[in-house]
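Structure record follows, encoded as structure tokens.
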Amino acid sequence: MTPRADPVAPVLVFGWGNPSRGDDALGPMLLEQLDALLAATPPRGVELLTDFQLQVEHALDLAGRQCVLFVDASLNCAAPFEVTALTAARDMRLSTHAMSPQAVMQVFRDLHGIEPPPCTLLAIRGERFELGEPPSEAAQANLALAVAWTLRWLRKILVAHR
């Protein structure tokens, strides 16, 4: 494997979801809005990453980070969103296809023999996840509050890691 030429940003915000499945798109939508809001004065040391789902390869994206914010839609969390500190754990699923953030952290631990960086999950409440559905109004309202929370979180994290 070739080492990265660019230095790794200490803060990673990783959103995942399927834009074709209604509210499942909340993770990528948060990153799109965050990117637009930060475009005028992009903060140094922050990387935004999005994908359809978490996979074993994403453990490599944790390397060199000081902290990671995972962002996903959830049908089970309280509205508007929930924030949870994560710890590495093995998934009980028999596949490495569509993993939990905790399982990605465990793969990092297994690969590197060290603890992953501190990781937090921002779960945004969604209602409709059917193929072809647009994001619901309630989910979009929850998303707006989650974006505001994320901006505050980023300011706090960036000050702490200077």
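A few comments on the model shown:
- Accessible-area value, Thr50, 1.4 Å probe, nucleic acids and ligands omitted, Å²: 70 Å²
- Heavy-atom accessible area per residue - the range 1-144, 1.4 Å, Å²: 54 Å²
- Annotation: for a label point projected 7 angstrom from Cα along Cα→Cβ of Thr41, residues of the range 117-152 with backbone N closer than 15 Å are 151-152.
- Solvent accessible area, Å² - Val159, 1.4 Å probe, full protein context: 100 Å²
- Volume in Å³ per residue [convex hull over Cα atoms, computed for the range 39-88]: 141 Å³
- Relative intensity, log₁₀ I(q)/I(0), of the range 1-142 from a Debye sum that treats every alpha carbon as a point, q = 0.10, 0.13 Å⁻¹: -0.34, -0.58
- Listed residues Phe14, Phe81, Phe70, most fluctuating in the chain (Gaussian network, C-alpha, under 10 Å): Phe81
- Within the accessible area of the chain (1.4 Å probe), percent carbon and sulfur: 56 percent
- Once the C-beta distance of Glu82 and Val56 is scaled by a Förster radius of 22 Å, the resulting FRET efficiency is 0.30 to the nearest 0.05.
- Segment Ile114-Met92, length gained on full extension (0.36 nm per residue, minus Cα span): 5.8 nm
- Relative frequency of Cα-Cα separations exceeding 17 Å in the range 1-71, percent: 47 percent
- Mean separation of Cα contacts under 8 Å, 6 or more apart, over the residue count of the range 61-162: relative contact order %: 35 percent
- Kyte-Doolittle mean at least 0.0 and Cα axial length at least 24 Å: DSSP H helices in the chain: 137-160
- Among Asp61, Asp110, Asp23, Asp51, the order of accessible area from largest down is Asp110, Asp51, Asp61, Asp23, computed with a 1.4 Å probe on protein heavy atoms.
The values are calculated or read from the model by the stated rules, or taken from the named source; none is laboratory data. Everything quoted here is computed from the prediction, not taken from an experiment. Ideal geometry is used to build each Cβ from the backbone, glycine not excepted, and the neighbour counts take in all protein chains shown. For the accessible areas, the whole protein counts, side chains as well, though only heavy atoms, and no ligand, DNA or RNA atoms are used. Shrake-Rupley method; radii C 1.70, N 1.55, O 1.52, S 1.80 Å.
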